[in-house]
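Contents: one structure, followed by commentary.
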Amino acid sequence: MRAAVLRLLVCAFTCTFVSAASLPDTRARMRANQPSQPLSHNSCSLLPQLIHLRGGSSVVEKVQRAYMGVPTFTRVWLSFILALASLNQVGILEPEVLALDATATIKGLQLWRPLSAASFLGGLGPQLLQKCYYLIQFGNQLERTLGLAEFARVVFSCAALLSIASSTLSWQFIGDGLIMAITVLTCQQNPTQQVNLYGLQIPCAYLPFAQLCMSYLFTQQIPWTDIVGALLGYLQYMINDNCKPDAAVYRRSNAPAMATTTAKGAKSLSDVSSSRPSSRPGGSKGGGRSAKNKANAASLASNAASCGPGG
């Protein structure tokens, strides 16, 4: 029974992920094709009372807009997390069925276990709300920066590495580490931006370390899963250029050219300064070397070209 429920959840997760990108356009076309019907006088008079009885339509609309405003992959992942937490809260799914198990995954063909281990954050409670908040905040920014395909590839890559590490260390769930890896990648996009953490202004690059410290202070336990996830996030940032901001890639690609230009310029200027007294009688060999060095110096600065070959 539980295996059937998990298979249905995985199928629903896959179908929702495939079709979620086209849902806003379909709804927009349906709204455009739907004819507008004018309200009668009686319905207009009853509308404020109905809105008051249901608690206000603005709250429902705000929640719906906020949910649909989350990018596709992050929204589907968030829905899967909440579904697993709700089913676990009512007792339908036990954590043992959702935990990461290499033997059951490979030999028992329980292929949902890596996905459920990456999406199960416990039952309904404050810790789930905190992790969902981090997922929405940092996953939203990273998916909008990288795009849907690249963000999905990064998430699955980090999840695969975390699954291998967790199987080696006999850990059961990897959701906390995966969210920490996404947090690290998001903070590396704007490392110098100031963020507010409990009233303290710190650079965005130090936010993952601050979260690790706060997690230790609150739980009095070393967050090993978050630490491994942070390390894998930094590893993904170092080996994947698509996770780097444009400024970092530009500086790294232009660093060899700038170093070569600087080296050439320093050599030419030193040679020019060392061969400045060219009027001494030394033959044509010294004059030829001085002219060559000054030609290189003229290619670096426009004011050096005014000296001429015999300056």
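Of note:
- Top-ranked residue in segment 225-234 [being farther than 20 Å from Gln141 by Cβ and not hydroxyl-bearing (Ser, Thr, Tyr); ranked as nearest to the chain's Cα centre (by Cα)]: Leu231
- Residue in segment 235-249 that is modelled with pLDDT of 90 or more, of a type in the set (Gly, Ala, Ser) and part of a helix (DSSP H, G or I) present: no
- Residue among Leu109, Leu124, Leu93 that alone is touching a Lys or Arg at 6+ places or on another chain (Cβ under 7 Å) and modelled with pLDDT under 90: Leu93
- Scan of segment 142-163 for residues that are of a type in the set (S, T, N, Q) and surrounded by 19 or more Cβ atoms within 10 Å (Cβ to Cβ), ordered by number: Ser163
The values are calculated or read from the model by the stated rules, or taken from the named source; none is laboratory data. Being a predicted model, the structure only gives us computed values, none of them experimental. When we count neighbours, we look across all protein chains shown, and the Cβ atoms used for this are built from the backbone with ideal geometry, even at glycine.
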